[in-house]
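The values are calculated or read from the model by the stated rules, or taken from the named source; none is laboratory data. The structure displayed is predicted, hence computed values, not measured ones. Every residue, glycine as well, gets a Cβ built from its backbone with ideal geometry; the counts of neighbours run over all protein chains shown. We work out accessible area using only protein heavy atoms, side chains counted, and drop any ligands, DNA or RNA first. Shrake-Rupley method; radii C 1.70, N 1.55, O 1.52, S 1.80 Å.
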Amino acid sequence: MTNSEFEAVVRRHQSMVYSIAFHFFRNSGMAEEAAQEVFLQLYQDRSGPALDSHVVSWLRRTTAHRCIDLLRHRKVQGEIPMDELPDTAGTSTETDPLMKELLWRLIGSLPEKQRMIVILRYGEEMEVDDIASAMQMPVRTVWSHLQRSIALLKDKASRSAGRENYEPVRE
């Protein structure tokens with residue numbers, strides 16, 4: 001891969017790599033760090049994938065693994081702090097921002113692999129077969145993680161809804 005080909009790959013796919021990392025960490029600084037490391041690895045291994053579809057697959061897989069590695073390396077546990085919600089194109093004006101914030105907080109509290117699988121499936125709209133390939137795990141394992149994650153999210157959402165107290169303020 002020449003320098004100009006590498007630059008074209010970065011320009012074409014930097015938003016995808018950043019988006020995956022940001023949705024995983026919910027922190028722009030850590031997402032930028034992960035994206036830089038992914039592209040550095042691609043630059044250092046210039047004999048890597050040549051076809052664009054292979055590059056996209058490689059970038060998704062490497063980003064997923066790099067995010068998990070960074071999280072483990074920094075020994076960050078529990079919920080990931082949310083600095084800001086991403087601006088997403090095509091969102092409906094009917095979306096409740098408080099519900100969206102709660103959902104991202106709940107997704108951020110999932111275990112590492114489950115969080116990445118949910119992000120790739122629903123955030124990046126990847127098919128389960130593609131996620132299995134990117135995460136280097138069997139398809140049935142990805143399905144299991146998705147089912148457990150959804151059940152866990154439902155349980156956490158119902159528990160957090162039970163804790164909310166919407167009483168009017170009386171003066």
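Applying the condition of being more than 23 Å from residue 72 (Cβ to Cβ) and either loosely packed, with under 14 Cβ neighbours inside 10 Å or touching a strand residue (DSSP E or B) at 6+ places or on another chain (Cβ under 6 Å) (or both) to segment 104-138 and asking which residue is modelled with the lowest pLDDT yields 125.
Conditions (1) within 19 Å of residue 16 (Cα to Cα); (2) in contact (Cβ under 8 Å) with a residue 12 or more places away in the chain; (3) among the β-branched types (Val, Ile, Thr), marked per residue:
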| site | (1), (2), (3) |
| --- | --- |
| 102 | no, yes, no |
| 110 | no, yes, no |
| 117 | yes, yes, yes |
| 124 | yes, yes, no |
| 127 | yes, no, no |
| 131 | yes, yes, yes |
| 139 | no, no, yes |
| 145 | no, yes, no |
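Taken over segment 29-47, the criterion of being in contact with a Pro (Cβ under 9 Å, 6 or more places away or on another chain) and either of a type in the set (Gly, Ala, Ser) or modelled with pLDDT of 90 or more (or both) is satisfied by no residue. Of the residues examined, residue 84 is not one that is at pLDDT 65 or above and either more than 18 Å from residue 31 (Cα to Cα) or open to solvent by 70 Å² or more (accessible area, probe 1.4 Å) (or both). Residues in segment 122-130 include at least one that is farther than 20 Å from residue 157 by Cβ, in a helix (DSSP H, G or I) and touching a Phe, Trp or Tyr at 6+ places or on another chain (Cβ under 9 Å). Listed conditions (1) surrounded by 12 or more Cβ atoms within 10 Å (Cβ to Cβ); (2) over 13 Å from the mean Cα position of the chain (by Cα); (3) within 22 Å of residue 125 (Cβ to Cβ) are all met by residue 69, apart from (3). Filtering segment 15-37 to residues that are touching a helix residue (DSSP H, G or I) at 6+ places or on another chain (Cβ under 6 Å) and open to solvent by 30 Å² or more (accessible area, probe 1.4 Å) leaves 18, 37. Applying a threshold of 8 Å to beta carbon distances and a minimum spacing of six or more residues, or different chains, the list of pairs starting in segment 22-35 at a residue that is among the charged types (D, E, K, R) and ending at one that is open to solvent by 30 Å² or more (accessible area, probe 1.4 Å) and assigned to a helix (DSSP H, G or I) reads 26/104; 32/18.
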